[in-house]
Each structure stands twice: as C-alpha cells, then as structure tokens.
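The values are calculated or read from the model by the stated rules, or taken from the named source; none is laboratory data. All figures in this text were calculated on a predicted structure; none of them were measured in a lab. Please note: Cβ atoms are built from the backbone with ideal geometry, for glycine as well, and neighbour counts cover all protein chains shown.
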Amino acid sequence: MDLVDIDDLAPGELHAVLDEADRLRTASETSSPTKPLRDQTLAMIFEKPSTRTRVSFETGMTQLGGHAVFLGPDDIHLGHGEPLRDTARVLSRYVDFITARVFDHADVVELAEYATVPVINGLSDQAHPCQTLGDLLTIRDRFGTLDVDVAWVGDGNNVSQSLALGAAMTDLELTVATPSGYEIDDSVRERAVEMGAPPTETTDPGSALTGADVVYTDIWVSMGEEDRRAEKLQAFEGFQVTRAVLGDRPLMHCLPAHRGEEVTDAVMEGDHLAWDQAENRMHAQKGLLVWLAGAAGA
C-alpha cells in the first residue's frame, strides 16, 4: 500500500495510524523503546530542500531501528537520464520504503505505480499527507478529540487540500478562507463531497474565524512560485494572521513561517501549536511506517 494522498487510507486506517503514532511515542519515552523496523531501509528522494520532512523521517527511522538513505537533487535525477518507473523498480530491490518530496504530483504517482514497496508522498504540488497526519495528531493531543472547528486562512495549497480530505475522513470541521482564484482544487472538493463532508469555503477570512477553535495558516508563496510573489502578496492582502485576528485561539502553521507576510512575528512568538506540529510529523510518520510494514503492535 502507498500513501500518495491522505485518502489512500480508509478512515479506520487513518485512526489506526494515529493510534500507532501514540503508542510509539509513549514507547520512546520509556527506557526500552520498541525497534519494529530493525534493519529496514527508507529511501528518501528529495527534489526540494527540507528541514522538517528530512529530519523527521531520518530520525524516525533511526528510532525504529532502521536506516534512511537520502537521495537529493545531486544524487539522483528524477525522470532525467532514467525513467521514473526504472528508478522505482531498482529502489524496490534495495529498500523497504520510499518517500518522495517532489515538485510534480504525477511523479510520486508514477513512483507508486511501479514500486513494489510502499511509497510515501513527502510533499508534492498537490498534496502533503504526512503533514495532515501530524496535524490531526496535534489537534487530538490538544483537544482530546478531532471534533474541533479549524479555520484555514490563506492559500488553497497542497497542505490545505490534504487537510480538507483529512477533515472529511474525521469529525474535524474545516472552513477554508482564500482569496478568489486561490481556492482548493475542484477535484479535491469533489473527493471531500463524496466522503460526505466537504469544507466550508469563503473568501472572507473574518467569517471563517467565527466559532473556530484553531486558526491555521501557511506561506503564501510556495517553493517554485517565486515568479508569482508580487501577484500573490497583493492578492492576499487582508489574510495576515495578527494578534487581533487570532485572539485567544492557538495557531497552527506547518512551517517555515514567512514572518511579516502570512503571520506576524508577534504571533509566531506567542501561544501556538507549530512546534508541536513539527514534532508530531516525526511521531505520525513513525506510526505510518510501522503500520505500512504491518508491524503495528509489535
């Protein structure tokens, strides 16, 4: 099984991954943590640089008793010089898992199609399922439930799209506020509709905040969009999360934060969940890896 997007998991499987993450986190705090992936290897293909994704996966594999091999842009030419399907086939002969952080979502789809080991989307232009797993774990930790109202204020990007699907699979109530023209993709909305729980969408950030327990934002100009910077900064005027906007609610941010753009420096130095989210990326991914390996409960 692969995790190309969060809804590759059934709702029950998603909760099982979160529960496994909890179990492993508790075990890691004891004097004898479990090592269910001893001698197993994760290949990490990275077209984009990363702090959280790389360190969380690599450290997580080490804690589980396994090993991670980093393959950056200078180590592997994804789809250039060798077809993606051949890379997938060869890596499958060496490793037990593959994670890929890529520009084009179609690349991780093709890797998953041809690999014979589990492929995990570490981020693409359309989806960020590992972030959603960490987000749901963070919300459940903070509130003791996923029956929480979350206001997304910003771009309808890969993070918001995976979160919209994750919300549709759980009790999470999600309102997405984006400028006109920056909404989540129609295909994502349709998948959420099929699950019976599409997000509420608006172009008014103020209305999204009504009744919200948590405010979530992300950068407006993603990696690879630098040529659209001036256009996007103008379009997102009025969407910055300030102290006045946030009130006494916690902030979620998947990081890195562009302080002074989508969020103020004062907010980032205040009460928020971003650091818990960052830590929970590792715990959630450990739960996912063990669950994918069929070693849950070992």
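Please find, among Ala16, Ala68, the residue that is touching an Asp or Glu at 6+ places or on another chain (Cβ under 9 Å) and at pLDDT 95 or above.
Just one listed residue meets the conditions, Ala68.
Counting only residues that are touching a residue at least 60 places away in the same chain (Cβ under 8 Å) and in a helix (DSSP H, G or I), which one in the stretch 56-66 is surrounded by the fewest Cβ atoms within 10 Å (Cβ to Cβ)?
Once the filter is applied, the top-ranked residue is Thr59.
Would you confirm whether any residue within the stretch 35-50 is more than 30 Å from Val90 (Cβ to Cβ), of a type in the set (Val, Ile, Thr) and either part of a loop (DSSP other than H, G, I, E, B) or in contact with a strand residue (DSSP E or B) (Cβ under 9 Å, 6 or more places away or on another chain) (or both)?
Within the stretch 35-50, the first condition is being more than 30 Å from Val90 (Cβ to Cβ), and the residues that meet it are none.
No: zero hits.
Using beta carbons and a limit of 8 Å, which pairs, at least six apart or on different chains, have the first residue in the stretch 148-171 and in the same structural domain as Leu255 (by TED's automatic domain parsing) and within 14 Å of Met195 (Cα to Cα) and the second one acidic (Asp, Glu) and in a strand (DSSP E or B)?
Between residues of the stretch 148-171 that are in the same structural domain as Leu255 (by TED's automatic domain parsing) and within 14 Å of Met195 (Cα to Cα) and residues that are acidic (Asp, Glu) and in a strand (DSSP E or B), the close pairs are Ala167/Glu173.
Out of Thr99, Thr87, which single residue is touching a Gly at 6+ places or on another chain (Cβ under 6 Å), β-branched (Val, Ile, Thr) and not assigned by TED's automatic domain parsing to the domain that holds Tyr182? Talk me through it step by step, then tell me what you get.
On the way: Thr87 fails: touching a Gly at 6+ places or on another chain (Cβ under 6 Å).
Only one candidate passes the filter, namely Thr99.
Could you tell me how many of the residues in the stretch 67-109 are in a loop (DSSP other than H, G, I, E, B) and either without any contact (Cβ under 8 Å) to a residue 40 or more places away in the chain or more than 22 Å from the chain's Cα centre (by Cα) (or both)?
Applying the first criterion (in a loop (DSSP other than H, G, I, E, B)) to the stretch 67-109 yields 72-83, 95-96, 102-104.
Of the ones still in play, those that are also either without any contact (Cβ under 8 Å) to a residue 40 or more places away in the chain or more than 22 Å from the chain's Cα centre (by Cα) (or both) are 72-83, 95, 104.
So the answer is 14.
Could you pull out the residue among Glu201, Glu226, Glu279, Glu262 that is at pLDDT below 95 and either touching a Gly at 6+ places or on another chain (Cβ under 8 Å) or of a type outside the set (Gly, Ala, Ser) (or both)?
Result: Glu226 is the single residue among Glu201, Glu226, Glu279, Glu262 that is at pLDDT below 95 and either touching a Gly at 6+ places or on another chain (Cβ under 8 Å) or of a type outside the set (Gly, Ala, Ser) (or both).
So, Glu226, is that one closer than 27 Å to Trp275 by Cα, of a type outside the set (Ser, Thr, Tyr) and surrounded by fewer than 17 Cβ atoms within 10 Å (Cβ to Cβ) or not?
It is true that Glu226 is closer than 27 Å to Trp275 by Cα, of a type outside the set (Ser, Thr, Tyr) and surrounded by fewer than 17 Cβ atoms within 10 Å (Cβ to Cβ).
Whether any residue in the stretch 136-150 is under 22 Å from Ala10 (Cβ atoms) and at pLDDT below 95 is what I want to check.
Among the residues of the stretch 136-150, not one is under 22 Å from Ala10 (Cβ atoms) and at pLDDT below 95, which makes the answer no.
Starting from the stretch 272-294, take each residue that is in contact (Cβ under 8 Å) with a residue 40 or more places away in the chain and list its partners that are of a type in the set (Asp, Glu) and outside any helix (DSSP H, G or I), counting only C-beta distances under 8 angstrom and pairs at least six apart or across chains.
Taking only residues 6 or more apart or on different chains, the pairs are Ala293/Asp96.
Output the residues belonging to the stretch 241-289 that are within 13 Å of the chain's Cα centre (by Cα) and part of a strand (DSSP E or B).
Selection gives Met252, His253.
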